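Novice: Questions regarding the structure given below will be posed in turn.
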């Protein structure tokens, strides 16, 4: 098992869901956390919780992964003690609506592409050179089973998560021989704010997604991510798919009757 005690772990989209759960899981093994998201107040509260519960260092950073220049400025402004990122968890992502391609809102497409694809690329491009220079590092990309389990109306969201899977594989090729590990995590149905965002804040519609299913929790996924990150340096888990026992695909689930 590889120790992450004292190592810097950068988590994007850390203000809720899987990102927040990862922050607590990695704090539990003594990692030092860079918490990135747009909702800085949430990050500040999380940093305080981590300090109190785990006595671990957590530094909240207001960031928008869709703005490269802002990210560049943010990273260059970090003190030396925070710049040596050992593990980057590209978690920031979202889905908007499940409209058919012929009546979708183009702005929704732009937001998903900018966040799920370009945001992941931007952060990786800024962090990866330091990992290569130090001769170690691990990039963990949070995709979705939507990359390969398609569904009506999933069009651009599914395409964006297919891109995450492809980028993870090609990145492994690019860093071959440089002691950098790359992992793509594909979670299935996990209860987070994801459907609330997808349905524009409609809690009733969001809650309906989970009815009758023993869904994954963010902590379930975070535990698997931590497992990947703590394997010995010569071990790379390239692909990991995680679903509830009651889910085979987006279209095939078992829902218990009320």
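The values are calculated or read from the model by the stated rules, or taken from the named source; none is laboratory data. Keep in mind the model is a prediction, meaning the values are calculated, not measured. Positions of Cβ are generated from backbone atoms using ideal geometry, with glycine treated the same way; all protein chains shown enter the neighbour counts.
Novice: Test each condition in (1) touching a residue at least 12 places away in the same chain (Cβ under 8 Å); (2) over 25 Å from residue 48 (Cβ atoms) for residue 75 and report the one that comes out false.
Specialist: Of the numbered conditions (1) touching a residue at least 12 places away in the same chain (Cβ under 8 Å); (2) over 25 Å from residue 48 (Cβ atoms), the odd one out for residue 75 is (2).
Novice: Here is a further query. Among the residues of segment 3-15, which ones are surrounded by fewer than 23 Cβ atoms within 10 Å (Cβ to Cβ), touching a residue at least 40 places away in the same chain (Cβ under 8 Å), touching a strand residue (DSSP E or B) at 6+ places or on another chain (Cβ under 9 Å) and part of a loop (DSSP other than H, G, I, E, B)?
Specialist: If the condition is that a residue be surrounded by fewer than 23 Cβ atoms within 10 Å (Cβ to Cβ), touching a residue at least 40 places away in the same chain (Cβ under 8 Å), touching a strand residue (DSSP E or B) at 6+ places or on another chain (Cβ under 9 Å) and part of a loop (DSSP other than H, G, I, E, B), then 4, 7 are the ones that fit.
Novice: Related question: Have a look at 104, 56, 92 and point out the one that is in a loop (DSSP other than H, G, I, E, B), modelled with pLDDT of 95 or more and within 22 Å of residue 6 (Cβ to Cβ).
Specialist: Within the list 104, 56, 92, the selection yields 56.
Novice: Can you name the residue in segment 206-219 that is assigned to a helix (DSSP H, G or I) and within 16 Å of the chain's Cα centre (by Cα) and, of all such residues, is farthest from residue 250 (Cα to Cα)?
Specialist: 219
Novice: Something else about it: What are the residues in segment 206-231 that are crowded, with 19+ Cβ neighbours inside 10 Å, in contact with a helix residue (DSSP H, G or I) (Cβ under 7 Å, 6 or more places away or on another chain) and over 30 Å from residue 99 (Cβ atoms), if any?
Specialist: 222, 225, 226
Novice: Also: Which one of these is under 28 Å from residue 240 (Cα atoms) and over 19 Å from the mean Cα position of the chain (by Cα): 105, 155, 91?
Specialist: 155
Novice: Within segment 16-45, which residues are over 18 Å from residue 140 (Cβ atoms) and in contact with a strand residue (DSSP E or B) (Cβ under 6 Å, 6 or more places away or on another chain)?
Specialist: Scanning segment 16-45 gives 40, 43, 44.
Novice: State whether the residues of segment 193-205 include one that is within 15 Å of the chain's Cα centre (by Cα), surrounded by fewer than 16 Cβ atoms within 10 Å (Cβ to Cβ) and under 24 Å from residue 24 (Cβ atoms). Working first, answer last.
Specialist: First pass over segment 193-205, keeping only residues within 15 Å of the chain's Cα centre (by Cα): 193-194.
Filter once more, so that each one left must be surrounded by fewer than 16 Cβ atoms within 10 Å (Cβ to Cβ): 193.
If we keep only those that are under 24 Å from residue 24 (Cβ atoms) as well, we get 193.
Checked segment 193-205: at least one residue is within 15 Å of the chain's Cα centre (by Cα), surrounded by fewer than 16 Cβ atoms within 10 Å (Cβ to Cβ) and under 24 Å from residue 24 (Cβ atoms).
Novice: I need a count of the residues in segment 168-192 that are out of contact with any strand residue (DSSP E or B) (no Cβ under 7 Å at 6 or more places or on another chain), touching a residue at least 12 places away in the same chain (Cβ under 8 Å) and either closer than 20 Å to residue 99 by Cβ or in a helix (DSSP H, G or I) (or both).
Specialist: So the answer is 1.
Novice: Filter segment 59-72 for residues that are out of contact with any strand residue (DSSP E or B) (no Cβ under 7 Å at 6 or more places or on another chain), in contact (Cβ under 8 Å) with a residue 12 or more places away in the chain and not in a loop (DSSP other than H, G, I, E, B) and give the result.
Specialist: Answer for segment 59-72, where residues must be out of contact with any strand residue (DSSP E or B) (no Cβ under 7 Å at 6 or more places or on another chain), in contact (Cβ under 8 Å) with a residue 12 or more places away in the chain and not in a loop (DSSP other than H, G, I, E, B): 62, 68, 71, 72.
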